[in-house]
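The values are calculated or read from the model by the stated rules, or taken from the named source; none is laboratory data. If you're wondering where the values come from, they're calculated on a predicted model, not measured in any experiment. All Cβ positions, glycine included, derive from the backbone under ideal geometry; neighbour counts span all protein chains shown.
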Amino acid sequence: MTDPAAGTRPPAVARRLPGWAKRRTDVLREYEKFNADRRKGLPPVLWPFLAPDPDRYYRWRVQLDCTCITELMTPGDQTPPSERQWRGLGDGEALPTGQLYCWHDDSGHAPYRTIVGWRERREIAFPADPVEPPEWADAEVWAVIRHDDPHTSAFWRVTLDCGHVEEVVAPTLDWKPDDGPRLADTTRVREMTVEYERLWASDPTLQPERQREHTRRMLAAGWPRPRSEQLCHTCPHARRIVACQGVGCLVPRDSKP
């Protein structure tokens, strides 16, 4: 994945970080247990690539721009963690170079980002919606958006201008990115614009400002489907590595794993 901010991202500083690294023997024991479980589902020929021996790894301590300090290991050479890509939560998508996922309860809301690339597609079959509306919808709204019959929707994975990956719903099963967005009738868009502004004026707390601005941008663009913007749920928790401290090889060079 190309990092859109690579040209402006300041390099991480190599320095001594506060605190102490974990005991090497504890880290080695944890890795060997993890690797043993991982190798159970792999043929031995793939072990060097997907489950390498511990003597390949070099240990680091890194500090993030949220001030958190954590430990990482890099395989092969001693390329700093700030010059590598790391996966998101769990085994998620690779983040832009030098970013690490670090959850904070006070990280703020997911921002809207522009879609810059279309990736894989998948279909999901859904059963008919229940007659009773869910807690988040009143009866009138639910009567309009409810699916009376089973249906199938197409989902596309998209790359956002922040470099993160999200998923959006296509307007129809046969829609392709080359088709471009489908726009609403211009008369209806004008009516919707008036209706939304009247609704916001009557209830200023109905939607947060970021949601209102997104809706205004989509109305100005002709109410495209799929939308040209998507909420990025990774951005609030993607932290940049600002400092690195080399700890040493997981297995010292003069010993055996």
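Within region 165-184, one or more residues are more than 28 Å from the chain's Cα centre (by Cα) and in contact (Cβ under 8 Å) with a residue 12 or more places away in the chain.
In region 213-256, the qualifying residues are those that are touching a Leu at 6+ places or on another chain (Cβ under 7 Å) and basic (Lys, Arg), and the one that is surrounded by the most Cβ atoms within 10 Å (Cβ to Cβ) is ARG239. Filtered by the rule that a residue be hydrophobic (A, V, I, L, M, F, W, C) and either in contact with a Cys (Cβ under 8 Å, 6 or more places away or on another chain) or part of a helix (DSSP H, G or I) (or both), region 179-215 gives VAL189, MET192, VAL194, LEU199, TRP200, ALA201.
When we screen ARG38, ARG23 for residues that are surrounded by 11 or more Cβ atoms within 10 Å (Cβ to Cβ), more than 19 Å from ALA238 (Cβ to Cβ) and not hydroxyl-bearing (Ser, Thr, Tyr), the only hit is ARG38.
Can you confirm whether region 101-114 contains a residue that is β-branched (Val, Ile, Thr) and either in contact with a helix residue (DSSP H, G or I) (Cβ under 7 Å, 6 or more places away or on another chain) or farther than 16 Å from LEU250 by Cβ (or both)? Step through it out loud before you land on a result.
Pass one, region 101-114, residues β-branched (Val, Ile, Thr): 114.
Now narrow it down to the ones that are either in contact with a helix residue (DSSP H, G or I) (Cβ under 7 Å, 6 or more places away or on another chain) or farther than 16 Å from LEU250 by Cβ (or both): 114.
Yes, the conditions are met somewhere in region 101-114.
Here ASP161 clears all of (1) acidic (Asp, Glu); (2) assigned by TED's automatic domain parsing to the domain that holds HIS214; (3) without any contact (Cβ under 8 Å) to a residue 24 or more places away in the chain except the condition numbered (3). Residues that are surrounded by 14 or more Cβ atoms within 10 Å (Cβ to Cβ), hydrophobic (A, V, I, L, M, F, W, C) and outside any strand (DSSP E or B) within region 67-88 comprise just one, TRP86.
Condition first: assigned to a helix (DSSP H, G or I), farther than 26 Å from THR70 by Cβ and not hydroxyl-bearing (Ser, Thr, Tyr). Can you find one or more residues in region 220-243 that meet it?
Yes; the residues of region 220-243 include at least one that is assigned to a helix (DSSP H, G or I), farther than 26 Å from THR70 by Cβ and not hydroxyl-bearing (Ser, Thr, Tyr).
Put simply, of GLU140, GLU132, GLU123 the only residue that is of a type in the set (Asp, Glu) and either under 15 Å from LEU231 (Cα atoms) or surrounded by 10 or more Cβ atoms within 10 Å (Cβ to Cβ) (or both) is GLU123.
The residue list ARG198, ARG190, ARG210, ARG227 contains one member that is out of contact with any Phe, Trp or Tyr (no Cβ under 8 Å at 6 or more places or on another chain) and under 17 Å from CYS162 (Cβ atoms), which is ARG227. Of the set (1) modelled with pLDDT of 95 or more; (2) part of a helix (DSSP H, G or I); (3) of a type outside the set (A, V, I, L, M, F, W, C), all apply to GLU140 but (1). Filtering LEU100, LEU160 for residues that are under 21 Å from ARG217 (Cα atoms), surrounded by 15 or more Cβ atoms within 10 Å (Cβ to Cβ) and modelled with pLDDT of 95 or more leaves a single hit, LEU160. Just to be sure before I move on: is TRP118 surrounded by 14 or more Cβ atoms within 10 Å (Cβ to Cβ) and in the same structural domain as LEU231 (by TED's automatic domain parsing) in the structure I sent? Yes.
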